[in-house]
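The values are calculated or read from the model by the stated rules, or taken from the named source; none is laboratory data. Small disclaimer: the values here were computed from a predicted structure and weren't measured. FYI the Cβ positions are ideal-geometry reconstructions off the backbone, even for glycines, and counts take in every protein chain you see. Each accessible area value is taken on the protein alone, full model and side chains, heavy atoms only, with ligands, DNA and RNA left out. Shrake-Rupley method; radii C 1.70, N 1.55, O 1.52, S 1.80 Å.
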Amino acid sequence: QVQLVESGGGSVQAGGSLRLSCVVSGRTFAGLNMGWFRQAPGKEREFLAWITWNGRNSNYAASVKGRFSISRENPENTVYLQMDSLKPEDTALYFCAAAVGIPTENHNNYRYWGQGTQVTVSS
C-alpha cells in the first residue's frame, strides 16, 4: 500500500513563504515521478508542478512559475514544494501525487494521492 503524507501547510500573509513536504512510503520512491496539485473550494483540481524520478526534469504551471519550486530527496522519500511570494489566490488544499508513468499536467495520470495540506494566504 503506497501512502503519501503531506505537511507544511498553514496560514501566511501575502508575500510570505511556505515549504510543503510529502513523504512517500510503501513503494520505491526513486521510481516515482511526482507532482503537486491544489484545489480551492468550488474549483477543479489544478496542476502546479511535476518532477521526474531522478530530479533532472521539472515543469510548472504558468500561475506559479517563478514563485514555486519543486524538489526531491530520494534518500528521504520526500518531495518538496517551496512556495514564495504567496498570494491570496494561492489559498487551497494542496496535494502531492505519484505517477508510475510519464509525469504530466493531467491529474488522471497520477495513481497515488495524499490527503492534502491546507494553505491559507491572507491579504
Checklist entry - When you look at R38, is it touching a residue at least 24 places away in the same chain (Cβ under 8 Å), crowded, with 20+ Cβ neighbours inside 10 Å, basic (K, R) and in contact with a Leu (Cβ under 8 Å, 6 or more places away or on another chain), yes or no? => result yes
Next on the checklist: Tell me yes or no: at least one residue of segment 5-14 is of a type in the set (V, I, T) and more than 15 Å from A97 (Cβ to Cβ).
Outcome noted: yes
Checklist entry - Which members of segment 1-44 meet the condition of being β-branched (V, I, T) and more than 19 Å from S63 (Cβ to Cβ)? => result V2, V5, V23, V24, T28
Checklist outcome for this item: With criteria (1) under 19 Å from Q118 (Cβ atoms); (2) part of a strand (DSSP E or B), V24 comes up short on (1)
Checklist entry - In segment 12-21, which residue that is part of a loop (DSSP other than H, G, I, E, B) and out of contact with any helix residue (DSSP H, G or I) (no Cβ under 8 Å at 6 or more places or on another chain) is least open to solvent (accessible area, probe 1.4 Å)? => result G16
Checklist entry - If we scan segment 73-81, do we find a residue that is free of Cβ contacts under 8 Å to residues at least 24 places away in the same chain and either open to solvent by less than 30 Å² (accessible area, probe 1.4 Å) or outside any helix (DSSP H, G or I) (or both)? => result yes
Checklist entry - Could we say that S11 is over 18 Å from V119 (Cβ atoms), at pLDDT 95 or above and of a type in the set (S, T, Y) here? => result no
Next on the checklist: Filter segment 105-119 down to the residues that are buried (at least 16 other Cβ atoms within 10 Å of the Cβ) and not in a loop (DSSP other than H, G, I, E, B) and list them by number.
Outcome noted: H107, N109, Y112, W113, T117, V119
Item to check | Complete set of residues in segment 49-59 that are in a strand (DSSP E or B), open to solvent by less than 50 Å² (accessible area, probe 1.4 Å) and free of Cβ contacts under 8 Å to residues at least 40 places away in the same chain | outcome: A49
Next on the checklist: Take the conditions free of Cβ contacts under 8 Å to residues at least 40 places away in the same chain, out of contact with any Ser or Thr (no Cβ under 6 Å at 6 or more places or on another chain) and under 21 Å from N108 (Cα atoms) and apply them to S69. Does it pass?
Outcome noted: no
Checklist entry - Looking at this structure, is E6 more than 14 Å from D90 (Cβ to Cβ), assigned to a loop (DSSP other than H, G, I, E, B), acidic (D, E) and modelled with pLDDT of 95 or more? => result no
Checklist outcome for this item: Here the residues within segment 90-104 that are at pLDDT 95 or above and either closer than 9 Å to E6 by Cβ or open to solvent by 20 Å² or more (accessible area, probe 1.4 Å) (or both) are T91, L93, Y94, F95, C96
